[in-house]
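K.L.:
Once you've had a glance at the structure underneath, I'll fire off some questions.
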Amino acid sequence: MSRIQEAFKGKKAFIPFVTCGDPDLETTKQIVYEMEKAGAALIELGIPFSDPTAEGPVIQGANLRALTGGVTTDKIFDMVKEMMPLAEIYVHEGDNANQIDGFIGLNNDYIEGIFIKDVAQSKGTGKQLLDQVKKIKSTLKLNVYQKNERAIQFYLREEFRIKSGNPR
């Protein structure tokens, strides 16, 4: 299953849009990082073009500002290549090496999320992913929704400590 299919599986997905290069590529990178932190399932990167007549006035203006600022397709691809190594993701493959059962995403020492396929839940996949990143990171942090008792119990078993809030 592709990441796009996974984003929509049984739920709605937040997929924001940003025109690359408006106002500049450095700001675009920061906007993308903030969208990811805000929970975007996917992020659509708009590549500006010179005749955006099918777009509304907001995107037309963004395209023109980006192009006027010197943004090109090559510069956008270079920006994306630069950003990719910043994504720290560890994958768990099941018995079939072509099948991903789960993954964990990190932002430095912060766990952005652990995602395990339904068929792989309660089979040690999450623990194996955590064990892998614990070998690499001396400290790990995360936020857990207070009503998610199952997740809270999982992290407590994995020797995480609750620093603030009440899990009940």
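K.L.:
So, Thr19, is that one of a type in the set (Ser, Thr, Tyr), closer than 14 Å to Met79 by Cβ, modelled with pLDDT of 85 or more and buried (at least 16 other Cβ atoms within 10 Å of the Cβ) or not?
P.N.:
When the stated conditions are applied, Thr19 passes them.
K.L.:
Within the range 97-131, which residues are closer than 20 Å to Tyr33 by Cα and part of a loop (DSSP other than H, G, I, E, B)?
P.N.:
Asn108, Asp109 - these are the residues of the range 97-131 that are closer than 20 Å to Tyr33 by Cα and part of a loop (DSSP other than H, G, I, E, B).
K.L.:
Would you be able to say whether some residue in the range 56-65 is in contact (Cβ under 8 Å) with a residue 24 or more places away in the chain, under 30 Å from Asn107 (Cα atoms), not in a helix (DSSP H, G or I) and not aromatic (Phe, Trp, Tyr)?
P.N.:
Looking through the range 56-65, none of the residues is in contact (Cβ under 8 Å) with a residue 24 or more places away in the chain, under 30 Å from Asn107 (Cα atoms), not in a helix (DSSP H, G or I) and not aromatic (Phe, Trp, Tyr).
K.L.:
For the range 77-96: of the residues being more than 24 Å from Leu130 (Cβ to Cβ) and in contact with a helix residue (DSSP H, G or I) (Cβ under 7 Å, 6 or more places away or on another chain), which is modelled with the highest pLDDT?
P.N.:
Taking the candidates together, the pick is Met79.
K.L.:
Also: Is one or more of the residues making up the range 17-31 assigned to a strand (DSSP E or B), within 14 Å of the chain's Cα centre (by Cα) and without any contact (Cβ under 8 Å) to a residue 24 or more places away in the chain?
P.N.:
no
K.L.:
In this structure, is Leu142 surrounded by 10 or more Cβ atoms within 10 Å (Cβ to Cβ), of a type in the set (A, V, I, L, M), farther than 24 Å from Val32 by Cβ and modelled with pLDDT of 85 or more?
P.N.:
So Leu142 does not fit the description; no.
The values are calculated or read from the model by the stated rules, or taken from the named source; none is laboratory data. Keep in mind that this is a model prediction, so the values were computed, not measured. Note that each Cβ is placed from the backbone with ideal geometry, even for glycine, and that neighbours are counted across all protein chains shown.
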